[in-house]
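Notes follow the structure.
The values are calculated or read from the model by the stated rules, or taken from the named source; none is laboratory data. The shown structure was predicted, so the numbers you read here are calculated from the model rather than taken from an experiment. Counting neighbours? That spans all protein chains shown, and the Cβs are built from the backbone with ideal geometry, glycine included.
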Amino acid sequence: MEEEKIVLTLEPKQAEENQQVEEAQAQAVVEPAKLDLSTFSEEEKKMIDDFSEKIDITDTDVIMSYGSTSQNKIADFSGKALDNVKSKDLGTVGTMISDLVVELKGFDVNEESKGFLGFFKKSGNKIEGLKAKYDKVNNNVEKISSLLEDHQIQLLKDIATLDELYEKNELNKKELTMYIAAGKKKLEKATKEELPKLQEIAKQTGTTEDAQKANDYAQLINRFEKKLHDLELTRMVSIQMAPQIRLIQNNDTIMAEKIQSTLVNTIPLWKSQMVIALGLSHAQDAIDAEAAVDKMTNDLLKKNADALKQGTIATAEASERSIVEIETLQYTNKSLIDTLDDVLKIQTEGRAKRTAAEVELRKLENELKDKLLEIKKESN
């Protein structure tokens, strides 16, 4: 008889309904979820059936070690997958790519040259400076490229390793599934056939020994059921590991492709652009030099033209001018006339003065003569 429970209630009808629900729940049996064996071949299904017949759940060692080989493989693969992730330092790769971008941006071909004096020397220095900068940046780029290639090789190796890990994980999962399927088959037979037989024998004989056998067998079934549950948990780990491995592979593949793009696109493109930039710099320097020469030539031609103009005008004026200018002749003629007038005037004045002097001299002579005569008379 079933043990009756004590229930205290103020609502007899509700208590009766609750009791009916509890009885229905107690009678309900949860059917275990069946494994999907649709992907298994007939040969593999037969292997499961044959292996199920060999399982002896009365052997304690069998129950304890059942499926442990597959469980250990899953644990080992989990450790390998973890080591693979731990050994990845994708941040280093990202840093190298960032450093590469900085190096590429640091190259500037734009420099200015001012003034014509020393222009060609400055242009030569500019080109040498550009080449020196290019060599420095290129050396750093080559070092980073070499490190990126090493990382890419390692990533490709890891991708191949993860492929192998994925295949082994799928194989172990399948193996574990076969262990579980065989165990469930055996568990079902033990629960529905072998245990009822032992229980029937115990009822018929009524002996303690037979009752203990039935109870011990029930306990073994319970232990084996727990073991299968552990295998189910391990199988779930294996199921989850498959997409995890693919995620890691995808990350490695993306990074390897990124590195490949950098090596075959970014760096060669940069180098080709540097060649173009240096070529353009050479061409621009040639253009600037030619413009400077043109300017100097034009300035020289203008100066020569101005000098030629002035010289030609001066020559023309000189050639059209007489040896003795009319103005000069007029001046000298006037001066000569004035001179002659002055001379004539002076001569006229001199003649008048001489005439006056002669008159005065005659007067003086007569006066002296008269005085001498006067003195002579008195002395007589």
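So which of 150, 135, 163 ends up being modelled with pLDDT of 80 or more, farther than 29 Å from residue 235 by Cβ, exposed (fewer than 15 other Cβ atoms within 10 Å of the Cβ) and charged (D, E, K, R)?
150
Would you confirm whether or not region 244-265 contains a residue that is surrounded by fewer than 17 Cβ atoms within 10 Å (Cβ to Cβ), among the charged types (D, E, K, R) and either over 16 Å from the mean Cα position of the chain (by Cα) or not in a helix (DSSP H, G or I) (or both)?
The answer is yes; a qualifying residue exists.
One residue is enough: does region 224-237 have a residue meeting the conditions surrounded by 11 or more Cβ atoms within 10 Å (Cβ to Cβ), more than 30 Å from residue 170 (Cα to Cα), at pLDDT 90 or above and in contact with a helix residue (DSSP H, G or I) (Cβ under 8 Å, 6 or more places away or on another chain)?
No: region 224-237 contains no residue that is surrounded by 11 or more Cβ atoms within 10 Å (Cβ to Cβ), more than 30 Å from residue 170 (Cα to Cα), at pLDDT 90 or above and in contact with a helix residue (DSSP H, G or I) (Cβ under 8 Å, 6 or more places away or on another chain).
Of the residues in region 309-330, how many are at pLDDT 80 or above and among the aliphatic types (A, V, I, L, M)?
Residues in region 309-330 being at pLDDT 80 or above and among the aliphatic types (A, V, I, L, M): 1 in total.
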